1. Would you be so kind as to identify which of 417, 332, 57 lies farthest towards the positive end of the dipole of the chain, taking Lys and Arg as +1 and Asp and Glu as -1 on Cβ and the Cα centre as origin?
2. Extending each Cα 7 Å along its Cβ direction at residue 18 and residue 309, get the distance between those two points in nm, one decimal.
3. What does the net charge come to around residue 152 if you take all other residues with beta carbon closer than 14 Å to its beta carbon, with K and R at +1 and D and E at -1?
4. Relative to the longest principal axis of the C-alpha atoms of the chain, give the angle of the C-alpha long axis of helix 59-72, reported between 0 and 90° and rounded to the nearest 10°.
5. Could you give the nm distance between label points at residue 357 and residue 390, where each point is 7 Å from its Cα heading toward the beta carbon?
6. When a/c reaches 1.5 or more, the comparison of a/b and b/c decides; with that in mind, is region 207-332 rounded, prolate or oblate per its Cα gyration tensor?
7. Note down the net charge around residue 131, summing +1 for each Lys or Arg and -1 for each Asp or Glu among other residues with Cβ under 9 Å from its Cβ.
8. Each residue of region 346-355 in turn: what ³J(HN,Hα) in whole Hz from Karplus with 6.51, -1.76, 1.60 and θ = phi - 60°, glycine and Pro shown as x?
Amino acid sequence: MDTLAFEHHLTSAQGQGRTPVGAHSVTVGGGACCDRIRFSVSLRDGAVTDAGFDAAGCGSAFAAGSAAVTLVRGRSLLAAGRIGASEISNELGGLSPGKLHAAELAADALARSLGVAARAQAPVARVEGRALVAMSGGVDSAVAALECARAGDAVAVTLELWSDVENDGERSCCSASAVSQARRLAHSMGMPHFTVDLQSEFRAGVVEPFIAGYVAGETPNPCVSCNGHIRLDALIELADRLGCEYLATGHYARIAELRDPDGPLLRTAADPGKDQTYMLSALSPNSLARLRFPLGELHKPAVRDRARAAGLVVANKPDSQDLCFLAGTDRSRFLARHGEVADRRGAIVSADGNQLAAHNGQHRFTVGQRRGLGVAGEAPMYVLDRDAASNRVTVGPYEALRTEQVRIRGVKLHRSGTTVDRVKLRYRSTPIPGHLVGAPNAGRHAALTFELAEPAYGVAPGQLACLMSGETIVGWGTITRE
């Protein structure tokens, strides 16, 4: 470690206490010494014209803030996005392991302030072939980024969507630790990286409807809302502001009919076990026209092989299994903490109304559930319905879950309804053949009915109905009771 470089920034800190005119400021905190850094940048014509910081905690935080200011001043926005903890450490003469946390904190503050600045600047002219790559810190998005970086001009971004002390950051794709992992991966590939805080939009557009859905007796699909209306919309807007021609993600999906005058459609992935088109169904053709899915033609083992061949540290990282905001906690506790949904005693009844047991709240159940009912019988019992008003849960035998017709509300069709020949009713379920009643035209419909060619079991109100024509997604809606 070059102690002279460290002492210079500690005793003659650059930009300390300075907030430039028109600056975009972000405060981050954490680390071994409970440090905090407030970092500010101002942009003009795509370049950082000035920067400043304030810090609290150990001396290393002050020195790291000063180093970040020195490195970022006068850089283009994209060049500034390539500055990470290693560059800050090198500016300080090479930090010891015990002080490296300060460089990580300053890099985080810098990346977040640059993200705010990038979202605020006016859109710039698109650069042909430039990709904005959404990175989550996992292997799929890392390989998607690798493919884009090898193809040409690529810029990385990670969204922080949720922060909760009860979450497991290692299992969540949008936590602070995932953001740090994604930034290191992007920089290792030579890409600029920006961090965008979308927590308020995520809570309003995803978490609040999720809570409301369970309160109303439904089983909502938060990932559909996130991808269709919050996350990818924000990323496409950021792509415009960074001059990116398209947005690439690590989803397993493909795009079809790119030249159709009504816009492209989603197509299922080559790997049926990893296909994610169900969760992407709410994307509009206009959004799809800006999207690329580098993993669409790959199977998961091949993705991990590419990651290993490239030496990516996440090559063997397990896939996230939970909803990002439920990682490390459970649904009932989450609803209580964030939605004030308290336990309330209610009845578990048979289809003919006879009380069989009691429960602590209808929000703890979902249609088709078998485990945890506390009801004994000659045959296994399943949840048939939940009534939010009476707080009553109706159970019955498996055959009582059978339905040959599904009612769908808020339907959006990108092609004529006559092309729909199957429907997918749950994320990991097999599409069921059938047709939409009434041959509806393309466009929006308040409600439609889908006649199933074979029965379905456990169709849950609130879940997405993915309307398909062969491998392509023609439209979507929400399963409803009415």
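1. Working it through, the farthest residue towards the positive pole turns out to be 417.
2. So the label points at residue 18 and residue 309 sit 4.8 nm apart.
3. 0
4. 90 degrees
5. 1.9 nm
6. oblate
7. 0
8. x, 9, 9, 10, 7, 4, 8, x, 6, 6
The values are calculated or read from the model by the stated rules, or taken from the named source; none is laboratory data. None of these values were measured; they are calculated from a predicted model. When we count neighbours, we look across all protein chains shown, and the Cβ atoms used for this are built from the backbone with ideal geometry, even at glycine. What goes into the accessible areas is simple: the full protein's heavy atoms, side chains included, and nothing from ligands, DNA or RNA. Shrake-Rupley method; radii C 1.70, N 1.55, O 1.52, S 1.80 Å.
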